[in-house]
Amino acid sequence: MTEPSSAPRVFIARRIPDEGLRLLLDGTDADLWEDELPPPRDELLRRVAGVEGLLSLLTDRVDDELLDAAGPQLKVVSNYAVGFDNVDVPACTRRDIPVGNTPDVLTETTADLAFALLMAAARRIPEGYDYVRADRWQTWGPMLLLSPDVHHATLGIVGFGRIGREMAKRARGFDMEILYHDVQQASPEDEAALHARSVEMDELLAESDFISLHTNLTPETHHLLDEAAFARMKPTAIVINTSRGPVIDQRALFEALRDRVIGGAALDVTDPEPMRADDPLLTQPNALVVPHVASASHTTRGRMAEMAAANLLAGLRGERLPTPVNPEVYEGR
Ligand code: DGY
């Protein structure tokens, strides 16, 4: 007869890179969801029953229903992402459960992709590639695939946190003028170092050639870019979104692209995800969509895995998580 394991039971909602997974498999009694797709809701609720730790992904909703299904022994939720809009943090806090995320390690990788999307959309790279693949390239054409310049253009950054600032650094290399909008203004030193100027949202929308979103998804930022916002933009403006899909009203974006209210959009995130191939947005030649891969470099995903494992293991030991999103759970402990 095998002895029951004394290691804490945890549920890992998807296979994550080995850098973190190994630590979890060694240190816990882990139930690993091996499928490429997320666990269906009823399966998730069933599998979390009785666990002390949960490693969730942005595809798993962590709310009162799930916390009830898990039970009062649940000690920690570690979210394998910097964003945590899939987690009802106040619900966890009410139950004294710390929630961890993976900040910092993905900042530059995400900004790299945001800038790649900006370049690709501006210089019409997907259209050029399609043109060659369709065997339409007959000669060098003076009017072929003309595009706006990136260098010396104006970039409007919405959300001037870690990733927004990295975006500013990249834009500097292209001599762009940088505007930003954030509820918290950067210090004069940071503004000077990043050559960035704080403006009201209306000014940012009206003046920017490129608008890149780097804000969290909150009730305040839900549908931040809606029909009225698109109407304020330049007809050539290109919108880049590597934050969360619902920050854009996608129906309004489709209409703005279709009616040439704006020049283009390049999205890493959509609403809903995944976007299906028959989504109307994909009928627009000036829309570019990739499947939520901004942090998807080998190194970064490995670091995220290490960090998510460190959060989970600390929570299981009753220690403070290295990166808690609700540090208030430690007040008065
Ligand atoms: C995050 O971490 O929030 C990204 O969207 C996925 O890496």
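Annotations for the structure displayed:
- Note on Ser187 and Tyr330: the model spin-label points, each 7 Å out from Cα along the C-beta direction, lie 2.3 nm apart.
- Distance between the modelled labels on Ser147 and Ala206, one decimal in nanometres: 2.9 nm (7 Å Cα→Cβ projection).
- Subtracting the Cα-Cα distance of Glu43 and Thr236 from 0.36 nm times their residue separation leaves 64.8 nm of extension gain.
- FRET E, pair Arg94, Thr299, Förster distance 41 Å, beta-carbon r, rounded to 0.05: 0.65
- At full extension, Glu108 and Arg22 could sit 28.4 nm farther apart than now, given 0.36 nm per residue minus the alpha carbon distance.
- Nearest 10 degrees, 0 to 90: helix 107-122 Cα axis against the chain principal axis: 30
- Cβ-derived FRET efficiency at R0 22 Å, His222 paired with Asp64, nearest 0.05: 0.60
- Counting neighbouring Cβ atoms within 10 Å and putting the fewest first, the residues Asp26, Asp278 line up as Asp278, Asp26.
- Sorted peptide list for 250-258, 204-212, 127-135, 310-318, criterion being average Cβ within 10 angstrom, highest first: 204-212, 310-318, 250-258, 127-135
- Relative to the longest principal axis of the Cα atoms of the chain, the long axis of helix 18-27 makes an angle of roughly 10 degrees.
- Tensor-based shape of region 170-306 (alpha-carbon gyration tensor, a/c under 1.5 rounded, otherwise prolate or oblate): oblate
- Whether the chain is rounded, prolate or oblate, judged on the alpha carbon gyration tensor where a/c under 1.5 counts as rounded: prolate
- Prolate/oblate/rounded label for region 1-67 (Cα gyration tensor, a/c 1.5): oblate
FYI, it's all coordinate maths here, none of it is from the lab. Since we're looking at a predicted model, the values are computed, not measured. Cβ atoms come from the backbone with ideal geometry, glycine included; neighbour counts cover every protein chain shown.
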